[in-house]
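Scroll down for the structure; my scribbles are underneath it.
The values are calculated or read from the model by the stated rules, or taken from the named source; none is laboratory data. Worth saying up front: this structure is predicted, and the values here are computed from it rather than measured. Using ideal geometry, Cβ is built from the backbone for each residue, glycine included, and neighbour counts are taken over all protein chains shown.
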Amino acid sequence: MTWSDLLSTMCLEIATGTSVAGWIVALGVTVAVGVALGRIKLFGVSLGITTVIFAAIAYSWLAWSPHGTATRALVDIQVQAEVARQQAQAPAAVAAPADLTTAPVGEPTAKPAIDRAAIKAKVEKAIETKVHARKEVLEFIREFGLVLFVYCVGMLVGPGFLASLKNQGVRWNLMAASVVLLGLGVTALVVLIAGQHPAEAVGVMSGAVTNTPGWAAAQTTLKELKAPAEQIAMTVSGYAVAYPFGIAGIIGSLITLRLLFGIRPKDEVAAFATQNTGEDKVGHLNLKLSNPGLAGQSVARVGGLAGDGVVISRIQRGDEQIVPKPDFTLAQGDLLHAVGNPEGLERLRQIVGEAIADDLRETRVDRRLNKREVLVTNQSVVGKQLFSLDFPNTCGVTVTRIWRHGKELIPNRESDLHFGDKLLIVGEEAGIRQAEQIVGNIAGHLDHPQLIGLFLGIAVGIILGQIPIPIPGISQPVKLGLAGGPIVAALVFSSLGHLGKGIIFHVSKGANNLMREFGIALFLACVGLLSAESFVTYAFSAKGLTWILCALCISMIPLLIVGIVARVFAKENYTSLMGVLAGACTDPPALAFANGTAGNEMPGLAYATVYPLTMLLRVVGAQIFVLLYLAT
């Protein structure tokens, strides 16, 4: 082949996806174009990374069609090359002389004819083999992207998930669970009334609530049930067709609730802020020891009387401030500065005597203490309890607060150190530097990937996802699958933070954002590349219109029912209600709309609170729906 023929073949193999380079180029182009399209806003709302699936469908339909111009051109050029190769290698036929006196021995005659039809069939077979390999590779990349996405989501919301399951967190999760169950009920009505096949109905449902992991779990279950390829294809198409209308339905429900109750978002935000301040907020209190019964008592004794949730960070006696050691003896008239939650500080005030207006941190004295935030980056102290380091005695400093995953904690005797914790240390400069050396405080270490913890967590999550879970009344067990297993593992490991000193589960915020978006982009791109033909077949048909109407019903009816009940009977604040309903559909565009309506990120609190449970219910619910209808 000439250089120009080689160049043409390379370009055509890339364009038609019949080479590894072509697969990677397709992923790169579709993700880039899809993300760019997702930034375009319609009526103030963008579809976000969801548009990657539509870019991939368009790319696959235009470039990867087996009957497309590019594929035919590739077949022609490879056939021509093979014909030329055979002609060059074929030996000339030797004529058998009829008369030795008239025909010289060995005189060549014409070369045998080349069977172009056979060559073309062979080339087409080779391309078909490559296409089959492409399908298998893209399916692997699709599942890997999904695992990466859900694991990073679990790592992001996991640290605060268990803490959120109290008070209003329980109420919010009950509301979200109700949305999921009502959605399954409406989907069952779609099968009954609209005559939709359960396989396509579960795809429409997953698209209507914008829940990709649930759709993936349903598709896996269909494959395990040996469902026909046509049913699986309808699940994919139903999901893709319903997805954008699901977003519209969710946001439309939020707008409908606002208009129905005449809600003023600014008033709701102010009320929500008032309701959610003070309960877990860390405060300060300055006290004067006037209780004569405490004179001569140690700081440890007084702190024990106040209970957990309070740290006495400094004591001023005369013109000198010190960091009190546990055995420091208090005297009448000592001034104390304490940090803690409101309840603990009030207990301490009742014990010590009286509160004073002066802030000891600002008082001018001959010897005043410094404070500094330091990071735990030394793996040798990870997992150690804070009291075992005995900072007051070894360094002359005290730790007054710990920031972990954005949450402010008051240290106590049970507090252990996690990689990435931020400590507020109070003391003299020399002591603070000594404490820094102990805990590390090298910010650059936070950016180093903790690959052992990352891949171990993913592996454990995948194993968890394959464990069959029997459910009474269903013939086949349910699995958490590649979507549910990793998120459960991430919730657990992110809360633990570490296993010993060598296995760290810390994932920096930047790394988490990158892996999460990268994973879902790969997943959506592969779904689109693999489902273009079935999507085009169904989307632009009467069936596609039916799917759209069903998607709007599945997305809006449960949200409106739960929203109305929550507003009328539970008097739920609209700010948190938006977050709950967006989280019940695991829908980032809806959360963005809610944040825009509120003018801040307060709805994200409710969204993150219900997200993990909702994700698990969506995954399991989609599988149960399929098994109830199709399992024998």
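Conditions (1) surrounded by fewer than 19 Cβ atoms within 10 Å (Cβ to Cβ); (2) among the aliphatic types (A, V, I, L, M); (3) at pLDDT below 90; (4) in a loop (DSSP other than H, G, I, E, B), marked per residue:
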{"site": "Thr546", "(1), (2), (3), (4)": "no, no, no, no"}
{"site": "Val565", "(1), (2), (3), (4)": "yes, yes, no, no"}
{"site": "Thr586", "(1), (2), (3), (4)": "no, no, yes, yes"}
{"site": "Pro589", "(1), (2), (3), (4)": "no, no, yes, no"}
{"site": "Phe593", "(1), (2), (3), (4)": "no, no, yes, no"}
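Looking at Ile520, is it surrounded by 14 or more Cβ atoms within 10 Å (Cβ to Cβ), out of contact with any Gly (no Cβ under 6 Å at 6 or more places or on another chain) and either of a type outside the set (Lys, Arg) or not in a helix (DSSP H, G or I) (or both)? Here the answer is yes, as Ile520 does meet what is asked. Within region 251-290, the set of residues being modelled with pLDDT under 90, in a loop (DSSP other than H, G, I, E, B) and of a type in the set (S, T, N, Q) comprises Asn276, Thr277.
Each residue in region 429-449 was checked for being modelled with pLDDT of 90 or more and part of a loop (DSSP other than H, G, I, E, B), and 2 pass. When each of Ser494, Ser508, Ser531 is tested for being out of contact with any Gly (no Cβ under 9 Å at 6 or more places or on another chain) and either hydroxyl-bearing (Ser, Thr, Tyr) or in the same structural domain as Ala58 (by TED's automatic domain parsing) (or both), the lone residue that passes is Ser531.
Matching residues to (1) closer than 18 Å to Ile402 by Cβ; (2) assigned to a strand (DSSP E or B); (3) more than 48 Å from the chain's Cα centre (by Cα):
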residue: Gly293; (1), (2), (3): no, no, yes
residue: Pro326; (1), (2), (3): no, no, no
residue: Glu343; (1), (2), (3): no, no, no
residue: Ala357; (1), (2), (3): no, no, no
residue: Glu362; (1), (2), (3): no, no, no
residue: Val381; (1), (2), (3): yes, no, no
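Among the candidates Ala96, Ala70, the residue that is modelled with pLDDT under 85, out of contact with any strand residue (DSSP E or B) (no Cβ under 6 Å at 6 or more places or on another chain) and not assigned by TED's automatic domain parsing to the domain that holds Arg142 is uniquely Ala96. For the criterion of being surrounded by fewer than 23 Cβ atoms within 10 Å (Cβ to Cβ) and under 17 Å from Tyr243 (Cβ atoms), Val536 passes. Looking across region 463-505, the residues that are of a type in the set (A, V, I, L, M, F, W, C), part of a helix (DSSP H, G or I) and either at pLDDT 90 or above or crowded, with 17+ Cβ neighbours inside 10 Å (or both) come down to Ile463, Leu464, Leu482, Ala483, Ile487, Val488, Ala489, Ala490, Leu491, Val492, Phe493.
Among the residues here, Leu12 does not qualify as touching a Ser or Thr at 6+ places or on another chain (Cβ under 7 Å) and aliphatic (A, V, I, L, M).
Of the residues making up region 328-341, those that are on the phi < 0 side of the Ramachandran plot, at pLDDT 90 or above and either out of contact with any Lys or Arg (no Cβ under 6 Å at 6 or more places or on another chain) or not in a strand (DSSP E or B) (or both) are Phe328, Thr329, Leu330, Ala331, Gln332, Asp334, Leu336, Ala338, Val339. Within region 12-37, residues that are more than 21 Å from Ala126 (Cα to Cα) and part of a helix (DSSP H, G or I) sit with their Cβ atoms under 8 Å from residues that are modelled with pLDDT under 95 and among the polar types (S, T, N, Q), at 6+ positions apart or across chains, in these pairs: Gly34/Thr51; Val35/Thr51; Leu37/Thr51.
When the test is whether a residue is over 30 Å from Glu436 (Cβ atoms), of a type outside the set (S, T, N, Q), out of contact with any helix residue (DSSP H, G or I) (no Cβ under 8 Å at 6 or more places or on another chain) and surrounded by 13 or more Cβ atoms within 10 Å (Cβ to Cβ), Glu346 passes it.
Quick check on region 607-624. Is at least one of its residues free of Cβ contacts under 8 Å to residues at least 24 places away in the same chain and not basic (Lys, Arg)? No - not one qualifying residue is present in region 607-624.
Annotation for region 407-420: at least one member residue is small (Gly, Ala, Ser), surrounded by 15 or more Cβ atoms within 10 Å (Cβ to Cβ) and in contact (Cβ under 8 Å) with a residue 12 or more places away in the chain.
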